[in-house]
Amino acid sequence: MQITFLGHSAFSVHDGETTVLIDPFLTGNPMGAASADEVAADAILLTHGHVDHLGDTVAIAKRTGAPVQALVEIANEIAEEGVEVIDTNFGGTAVFPWGSSRAVPAMHTSTTPTGTVTPAGGLVIEIGGKRIYHLGDTALFSDLALPGQRAKIDIAIVPIGGHYTMDRHDAVVAAALVGADVVIPCHYDTFPPIQADAAAFKADVEEAGHAQVVVLAPGESYDAG
Ligand code: NI
Ligand code: MN
């Protein structure tokens with residue numbers, strides 16, 4: 001099972017057969033590590049509707065035929081483009097041939113480029129025998145602990161850039177709340193307001209004993225076993 005960082009908040013998860021894309025903002029992404037014209041997808045999962053997450057979703061879904069999981073209002077908007085959608089709301093689980101993805105709350109706003117307003121979420125994804133919690137864009141809040149109380153989180157994908165999300169210091173507390181074995185930071189260094197020192201975040205989390213932190217450069221993969 002490989003988790004590849006595609007830059008910003010975009011990830012590709014590959015279990016050997018299936019490729020799942022999360023928040024595929026590639027075109028116009030200064031850190032984008034894949035082309036929307038070429039990236040593989042058997043499913044696309046969205047945390048929320050901001051353009052730096054929705055990104056190339058519709059184009060990739062049309063090219064690949066991949067279904068898109070998104071919060072219901074965002075899903076309805078995407079469906080009008082002729083894309084297959086799974087319109088879960090918070091607490092809902094989308095079930096796929098390769099595993100599942102549960103929509104959970106985040107503390108953030110979300111408006112799509114065409115004006116659909118919704119809350120923002122995170123995703124708890126089960127694939128290849130691993131449980132991955134992509135926190136989406138979020139501030140620090142105590143409910144980040146809840147998915148791990150239901151079932152142990154193996155890998156957490158955590159925003160650290162500040163300004164639009166929690167910063168790297170709040171993200172250390174988030175790592176403790178989530179309780180994952182491995183934390184992968186994201187949503188930093190893409191734009192000037194969200195510069196962050198990922199090495200310092202790694203040191204803080206590991207010195208506190210919260211998790212192992214894997215810092216990926218765009219295009220790099222973590223082998224989750
Ligand atoms: Ni956002
Ligand atoms: Mn964002």
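The values are calculated or read from the model by the stated rules, or taken from the named source; none is laboratory data. As the structure is a prediction and not an experimental result, all values here were calculated from the model. Because the Cβ atoms are built from the backbone with ideal geometry, glycine has one as well, and the counts that use them run over all protein chains shown. Surface accessibility is based on the protein's heavy atoms, side chains included, excluding ligands, DNA and RNA. Shrake-Rupley method; radii C 1.70, N 1.55, O 1.52, S 1.80 Å.
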Quiz item: Which residues, counting only those in the stretch 122-146, are assigned to a helix (DSSP H, G or I), out of contact with any helix residue (DSSP H, G or I) (no Cβ under 6 Å at 6 or more places or on another chain) and either open to solvent by less than 10 Å² (accessible area, probe 1.4 Å) or among the small types (G, A, S) (or both)?
Solution: S142
Self-check item: Residue tally, condition part of a strand (DSSP E or B), open to solvent by 20 Å² or more (accessible area, probe 1.4 Å) and not hydroxyl-bearing (S, T, Y), over the stretch 100-121
Solution: 6
Self-check item: The listed residue being without any contact (Cβ under 8 Å) to a residue 12 or more places away in the chain and either outside any helix (DSSP H, G or I) or open to solvent by 10 Å² or more (accessible area, probe 1.4 Å) (or both), out of E17, E38
Solution: E38
Self-check item: Subset of the stretch 47-64 that is part of a loop (DSSP other than H, G, I, E, B) and in contact (Cβ under 8 Å) with a residue 40 or more places away in the chain - its residue that is surrounded by the fewest Cβ atoms within 10 Å (Cβ to Cβ)
Solution: H50
Self-check item: Whichever residue in the stretch 147-171 is closer than 16 Å to A203 by Cα and open to solvent by 20 Å² or more (accessible area, probe 1.4 Å) and, among such residues, is farthest from ligand 1 (Cβ to nearest atom)
Solution: H169
Self-check item: Index of the failed condition, I74 passing every other in (1) more than 14 Å from the chain's Cα centre (by Cα); (2) within 15 Å of ligand 2 (Cβ to nearest atom); (3) part of a strand (DSSP E or B)
Solution: (3)
Quiz item: Mind checking whether some residue in the stretch 36-47 is within 14 Å of ligand 2 (Cβ to nearest atom) and more than 14 Å from the chain's Cα centre (by Cα)?
Solution: no
Practice problem: Filter the stretch 1-14 for residues that are within 16 Å of ligand 1 (Cβ to nearest atom) and in a loop (DSSP other than H, G, I, E, B) and give the result. | Solution: H8, S9
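Yes/no matrix, rows are residues, columns are (1) part of a loop (DSSP other than H, G, I, E, B); (2) open to solvent by less than 50 Å² (accessible area, probe 1.4 Å):
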{"position": "V183", "(1), (2)": "no, yes"}
{"position": "Y188", "(1), (2)": "yes, yes"}
{"position": "A196", "(1), (2)": "yes, yes"}
{"position": "A199", "(1), (2)": "no, no"}
{"position": "A203", "(1), (2)": "no, yes"}
{"position": "G209", "(1), (2)": "yes, no"}
